[in-house]
1. Can we say Arg41 is surrounded by 11 or more Cβ atoms within 10 Å (Cβ to Cβ) and part of a helix (DSSP H, G or I)?
2. Go through (1) modelled with pLDDT of 90 or more; (2) outside any helix (DSSP H, G or I); (3) aromatic (Phe, Trp, Tyr) for Phe108 and report which single condition fails.
3. Within the bounds of the range 4-19, is there any residue that is of a type outside the set (Asp, Glu), exposed (fewer than 10 other Cβ atoms within 10 Å of the Cβ) and at pLDDT 80 or above?
Amino acid sequence: MPLISESLMAVQFRRELRMSKTLEQKLSELPEERQRRVVARSATLIAEERALQELRKAHRMTQSAMAKKLGIGQEGVSRLEQRSDLLISTLCGYVEAMGGKLSLVAEFPGRAPVMLTGLADVGTAPDEDR
């Protein structure tokens, strides 16, 4: 009896394989507006993922040079550039290692942008003047 149920499972599996669709086929079945939103969102996610790496390259810095400035190994820089979620203090240190300064802005509908202060200072030594 187990052979029959295994055969039926194999037939079902082959049927499902024939019925499976590629991502492009699935996207083509969506309404045009939804397709545009999916493509735009995927482009945003790809851009966010590579943003730190491209920022470093724009400053003509290697991962090794960045690692030296941050006091970590080159593999640590590689992992940092691939992460999708960073601590503000980590991002601040990364930007400062290139000679920049991190600024955070909150934007709300119908209101002027608000510069967030004090958050990028997490993990840094306090100034005497503060």
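The values are calculated or read from the model by the stated rules, or taken from the named source; none is laboratory data. In this text the structure is predicted, and so the values were computed from the model without any measurement. Backbone-built Cβ (ideal geometry, glycine too); neighbour counts: all protein chains shown.
1. Values: surrounded by 11 or more Cβ atoms within 10 Å (Cβ to Cβ): no; part of a helix (DSSP H, G or I): yes.
Here the answer is no, as Arg41 does not meet what is asked.
2. Among (1) modelled with pLDDT of 90 or more; (2) outside any helix (DSSP H, G or I); (3) aromatic (Phe, Trp, Tyr), Phe108 violates only (1).
3. no
Every residue, every condition in (1) among the basic types (Lys, Arg); (2) loosely packed, with under 15 Cβ neighbours inside 10 Å; (3) within 18 Å of the chain's Cα centre (by Cα); (4) farther than 20 Å from Ile46 by Cα, yes or no:
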{"site": "Met66", "(1), (2), (3), (4)": "no, no, no, yes"}
{"site": "Gly73", "(1), (2), (3), (4)": "no, yes, no, yes"}
{"site": "Val77", "(1), (2), (3), (4)": "no, no, yes, no"}
{"site": "Cys92", "(1), (2), (3), (4)": "no, no, yes, yes"}
{"site": "Ala97", "(1), (2), (3), (4)": "no, no, no, yes"}
{"site": "Lys101", "(1), (2), (3), (4)": "yes, yes, no, yes"}
{"site": "Val114", "(1), (2), (3), (4)": "no, yes, no, yes"}
